[in-house]
1. Counting just the residues of segment 1-21 that are assigned to a loop (DSSP other than H, G, I, E, B), modelled with pLDDT under 85 and hydrophobic (A, V, I, L, M, F, W, C), which one comes out farthest from the chain's Cα centre (by Cα)?
2. How many residues are acidic (Asp, Glu) and touching a residue at least 12 places away in the same chain (Cβ under 8 Å) if we restrict to segment 2-30?
Amino acid sequence: MTKIICRVSDCVHWEDGVCTSDQITYDPENGCLTYEGMDDVILEDDEEWDEEDMLDEEPLEWDEDEEEEDLLDEDEDDDWT
């Protein structure tokens, strides 16, 4: 396998100075067309996360009896100290 030495360390395909992309498209005038910046990938992940959150939004149920039991348990723990 051919190793391509690359100086662009903020590319998602860059690993220890070597390009790890399966295929590389290089243009003499514009440089590497395979380049994907880390910031671009992070933004895409955030957008996907937001869309998933919107789809899964359901109101959370709050059990008041359980909260009271937790408070009573804390009071009992204080008696033993």
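1. It comes out as 1.
2. Step one: of segment 2-30, the residues acidic (Asp, Glu) are 10, 15-16, 22, 27, 29.
Keeping just the survivors that are touching a residue at least 12 places away in the same chain (Cβ under 8 Å) gives 10.
The qualifying residues number 1.
The values are calculated or read from the model by the stated rules, or taken from the named source; none is laboratory data. What you see is a predicted model, and the numbers here were worked out from it, not measured in a lab. For neighbour counting, all protein chains shown are included, and Cβ atoms are generated from backbone atoms with ideal geometry for every residue, glycine included.
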